1. Could you list, ordered by first residue, the pairs with Cβ atoms under 9 Å in which the first is in the stretch 227-245 and in the same structural domain as D103 (by TED's automatic domain parsing) and the second is part of a loop (DSSP other than H, G, I, E, B), at least 6 apart or interchain?
2. I'd like the full set of residues that are among the β-branched types (V, I, T), at pLDDT 90 or above and in a helix (DSSP H, G or I), limited to the stretch 16-57.
3. In the list L77, L69, L109, L100, which residue meets the criterion of being assigned to a helix (DSSP H, G or I), under 30 Å from A233 (Cβ atoms) and aliphatic (A, V, I, L, M)?
4. Please tell me if V245 is of a type in the set (A, V, I, L, M) and under 15 Å from the mean Cα position of the chain (by Cα).
5. Restricting attention to the stretch 151-166, and to residues there that are of a type in the set (S, T, N, Q) and either surrounded by 21 or more Cβ atoms within 10 Å (Cβ to Cβ) or at pLDDT below 85 (or both), which single residue is nearest to A193 (Cα to Cα)?
6. In this structure, does K178 turn out to be touching a residue at least 24 places away in the same chain (Cβ under 8 Å), assigned by TED's automatic domain parsing to the domain that holds S203 and surrounded by fewer than 20 Cβ atoms within 10 Å (Cβ to Cβ)?
7. For residues that are loosely packed, with under 12 Cβ neighbours inside 10 Å and of a type in the set (S, T, N, Q), scanning just the stretch 99-124, find the one that is farthest from V148 (Cα to Cα).
Amino acid sequence: MSNRNLPIDLLRTLITISEVGGHTRAAALLGRTQPAISLQIKRLDEFLGVKLLTQSGQKTVLSDDGQRLAVYARQILRLNDEAVAQFSAEPEHGALRVGLPTDYSTAYLQEAILKYGKNNNGTQLKIHCGLSANLLEELHRGEHDVIVALYSDEDNQYLSNSWVQQPLWASSKEFVAKPDHPIPLIAHYEGCAYRDRMTSTLSRERYRWEVVFSAPGIAELQSAVQSGFGVTALTEKTLLKGMKVLSEADGFPALPAIHVGIFYRHSQSSKAGLLLVEHLDSVLSGLTQEPASH
């Protein structure tokens with residue numbers, strides 16, 4: 001077994017560059033010169049034997065190898081900074097802007113975060129719910145401190161940890177598909193990962209389908225399913241009484257798995273933010289099925 005240790009200061013430099021988009025801004029944020037920042041990245045490249053950064057127009061971004069490392073780096077930095085914070089006078093309170101996905105177990109996550117807020121009275125939580133795609137864009141614009149979102153491999157710049165969730169076809173127990181009619185879909189608005197998986201899977205298998213009910217929140221979709229209005233994709237956690245799972249035996253092709261992740265900007269996080277990320281990490285570990293590989 002290798003006894004090599006990843007240098008935390010180099011990991012912090014890598015993550016800061018990826019979050020601010022360049023060496024100059026990272027140098028200012030970390031209190032170093034630009035040549036020193038460049039040298040640190042060179043040392044980390046040589047240590048791992050890969051190139052971790054690349055250019056995208058005017059911005060410096062993570063390479064594929066850099067993205068793989070960044071997931072581990074954020075977890076290492078978070079644990080390091082949490083440990084250091086235990087011996088500092090920095091307060092744990094503050095305002096935190098949290099984004100939660102309407103297309104994934106919102107009620108469960110809201111309950112978990114509100115419980116966190118009650119146990120940390122000094123933390124003021126500002127929660128915004130929206131589609132995962134919108135939350136990711138808003139995080140990039142600096143409008144959130146921490147978000148939970150469904151994501152694709154292209155949307156993992158601020159990813160801290162992730163899990164795999166298997167969507168399931170769900171209908172009311174009384175629902176029966178009509179062979180001569182399009183499959184009636186109940187879905188979130190355009191941009192929802194679950195909607196995309198339902199429509200792309202059915203189209204690929206040459207099924208006819210039509211969206212007969214759409215709404216921004218999962219509660220509305222669950223109610224429409226229970227009423228027998230059509231079918232949708234849910235997780236095991238969001239199945240309700242009166243619903244049944246539809247499988248290939250019922251004529252419904254299996255849906256591709258979905259990645260659920262926690263995203264935040266480590267270089268701009270407070271002690272309160274790191275503690276919230278740790279709390280969400282434990283919540284999602286119990287909610288989702290298995291860690292995603294990177």
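The values are calculated or read from the model by the stated rules, or taken from the named source; none is laboratory data. Predicted model only: the values in this text are computed from it and were never measured. In this analysis, Cβ positions are derived from the backbone assuming ideal geometry, glycine residues included, and neighbour counts consider all displayed protein chains.
1. none
2. If the condition is that a residue be among the β-branched types (V, I, T), at pLDDT 90 or above and in a helix (DSSP H, G or I), then T16, I17, T24, I37, I41 are the ones that fit.
3. L109
4. no
5. S152
6. no
7. Within the stretch 99-124, the match that is farthest from V148 (Cα to Cα) is N121.
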